[in-house]
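Shown next, in structure tokens, is the structure this report addresses.
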């Protein structure tokens, strides 16, 4: 798909609804911007699910180990902080 969008004075551009739906982009979604020569690439950044985080932690330290429990708590605390910041940022828009 190729389309043209305009950028407002404040740097805002509106992505077409169909594109947002196909790519799962919702209000507050994070997008990674990458410069590629004369182009700008927008890539949706989807946060990991709790199941994905659990799988990573378990793979790193094994299920039930002391380090795994400690790591899991650290990751869960970090996830809580990140989600709180995201909710705060979303409510200020």
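The numbers here are math on the coordinates, done by the rules we state, and not lab data. Please read these numbers as outputs of a predicted model, since none were measured by experiment.
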Fill in the blank from the handout: For P(r) over Cα pairs in 10 Å bins from 0, in percent, with candidates (1) 18, 46, 26, 9, 1; (2) 13, 32, 27, 20, 8, 1; (3) 13, 24, 27, 22, 9, 4, 0, the value calculated from the shown model is option (2)
Handout entry: Degrees, to the nearest 10: 66-91 long Cα axis against longest axis of the chain
Key = 30 degrees
Completion exercise
Rounded to the nearest 10 degrees, the helix 50-61 long axis (Cα) sits at an angle to the longest Cα principal axis of the chain of 50 degrees
